[in-house]
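The values are calculated or read from the model by the stated rules, or taken from the named source; none is laboratory data. All figures in this text were calculated on a predicted structure; none of them were measured in a lab. Here Cβ is always computed from backbone atoms with ideal geometry, including for glycine, and neighbour counts include all displayed protein chains. Ligands, DNA and RNA are stripped out before the accessible areas are found, and what is left, the full protein with its side chains, is counted by its heavy atoms. Shrake-Rupley method; radii C 1.70, N 1.55, O 1.52, S 1.80 Å.
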Amino acid sequence: MPSLMNDYVQVLRKGVLSYGGSQMWSSKETMRICGCGAVAAFDAYLYLSGRQKEHMTDEEYLRELEAVSRRYFPLIKPFGINGLLLAVGMNRLLRKNKLPYRAFWAVSGRKFWSRIEELLSQDIPVIFSIGPNFPALWGKHRLRFYKKRPDDSYLPSSSAIAHYVTATGCDENWLRISSWGSEYYIKRSEYDEYVSRYSATLVSNILMLRKTS
């Protein structure tokens, strides 16, 4: 199972360590409504820079997230930020901090899962988009998220539409993700069906981070 080699970003909130950050912690309405892309990108940056070990408090995390979002990932309510602009902002953030990676938006459908496996095996988190319904943007079809139980079974727990998450591990059937500060799983076959029936690879895709040196 390709997986990140180190613990993922953990934020201390109400005495509990999270699994990644969450836009829902913010007091700012725009961040709460459409900040998932900024969170996914910021968490990936923290991981690649080795800062996931800092265990920031939620106040410290939000202060830095919101500053980074203003400069690199400007959000437009209710749309948030699209994949191309996310890549532009990520490349600016990586250059500013002298991290040897380059961001690219989108891969072809036939290479989609193999690219995710390749990046995770290189210890690179994958920013992953569950796009809106397309072309019927007003559609309400959603993708299920699951929680993994102690007996290794999976229980439906939540769902999402027009949402960015960060992939941290996968096997032939499941993708492990960080979303809303928690660990969830996506069934790969259900994601493929969601994209083919209700969305499109143009908007349901990944932001790849390639090492440059």
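Has the stretch 34-48 got at least one residue that is farther than 24 Å from residue 170 by Cβ and over 15 Å from the mean Cα position of the chain (by Cα)?
No: the stretch 34-48 contains no residue that is farther than 24 Å from residue 170 by Cβ and over 15 Å from the mean Cα position of the chain (by Cα).
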Does at least one position in the stretch 160-178 carry a residue that is among the aliphatic types (A, V, I, L, M) and on the phi > 0 side of the Ramachandran plot?
yes
Leading residue by the ranking (nearest to residue 26 (Cα to Cα)) among those in the stretch 79-114 that are assigned to a loop (DSSP other than H, G, I, E, B) and over 18 Å from the mean Cα position of the chain (by Cα)
97
Condition broken by residue 107, with the remaining ones in (1) open to solvent by 50 Å² or more (accessible area, probe 1.4 Å); (2) touching a Lys or Arg at 6+ places or on another chain (Cβ under 6 Å); (3) β-branched (Val, Ile, Thr) satisfied
(1)
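So is residue 65 within 16 Å of the chain's Cα centre (by Cα), in contact (Cβ under 8 Å) with a residue 24 or more places away in the chain, on the phi < 0 side of the Ramachandran plot and open to solvent by less than 10 Å² (accessible area, probe 1.4 Å) or not?
Working: within 16 Å of the chain's Cα centre (by Cα): yes; in contact (Cβ under 8 Å) with a residue 24 or more places away in the chain: yes; on the phi < 0 side of the Ramachandran plot: yes; open to solvent by less than 10 Å² (accessible area, probe 1.4 Å): yes.
Yes: the conditions hold for residue 65.
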